[in-house]
Amino acid sequence: MAITFNHTIVAAKDREESAKFFTELFGLPDAKEFGPFLAVELNHGVSLDFAQAPDDADIPPQHYAFLVSEEEFDAIYGRICERGMQHWADPRGARPGEINHNDGGRGVYFQDPSGHYLEIITRPYGSGG
């Protein structure tokens, strides 16, 4: 049997704000209501299901990395810059305002409204270049 990733639940301070942030930044269709979640569809039937955290909840930041095409990188990175969002070339934030060129591709890190760390890359790490 092939094992395929299907979905994950993303805790959010405001699920509507987080889902809208993600769909707008990544150029995706609007999230769909699915029970208590707002589901954002990605390729291969995978979804990010945004869940409303309780008001007093401390949401530990998670890391979500997305492999995108060169054209998608240009579009997403353009929206990051248009919004004046902080972004980094590295996961420690030591290279602010830059992108990386690991493995011959491009990559950048940034945060969503709930403090999760998002990353877009055009080449999988370890793929050479």
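Laid out as a table, the results:
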| quantity | calculated |
| --- | --- |
| Members of the range 77-120 found to be under 21 Å from P60 (Cα atoms), over 13 Å from the mean Cα position of the chain (by Cα), open to solvent by less than 60 Å² (accessible area, probe 1.4 Å) and charged (D, E, K, R), listed by number | D90 |
| Total residues in the range 97-122, condition touching a His at 6+ places or on another chain (Cβ under 9 Å) and in a loop (DSSP other than H, G, I, E, B) | 4 |
| Complete set of residues in the range 34-63 that are open to solvent by less than 40 Å² (accessible area, probe 1.4 Å) and either assigned to a strand (DSSP E or B) or not hydrophobic (A, V, I, L, M, F, W, C) (or both) | L38, A39, V40, S47, L48, D49, F50, A51 |
| Answer from S127, S69 - the residue that is open to solvent by 30 Å² or more (accessible area, probe 1.4 Å), among the small types (G, A, S), touching a residue at least 12 places away in the same chain (Cβ under 8 Å) and in contact with an Asp or Glu (Cβ under 6 Å, 6 or more places away or on another chain) | S127 |
| Qualifying position, being at pLDDT 95 or above, out of contact with any helix residue (DSSP H, G or I) (no Cβ under 8 Å at 6 or more places or on another chain) and closer than 30 Å to I3 by Cα, among P96, P36 | P36 |
| Which listed residue is in contact (Cβ under 8 Å) with a residue 60 or more places away in the chain and open to solvent by less than 90 Å² (accessible area, probe 1.4 Å), from D14, D74 | D14 |
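The values are calculated or read from the model by the stated rules, or taken from the named source; none is laboratory data. Keep in mind it's a predicted model, so treat the numbers as computed, not measured. So basically every Cβ, Gly included, is an ideal-geometry build from the backbone, and we count neighbours across all protein chains shown. Areas reflect the complete protein model, heavy atoms only, side chains present, ligands, DNA and RNA absent. Shrake-Rupley method; radii C 1.70, N 1.55, O 1.52, S 1.80 Å.
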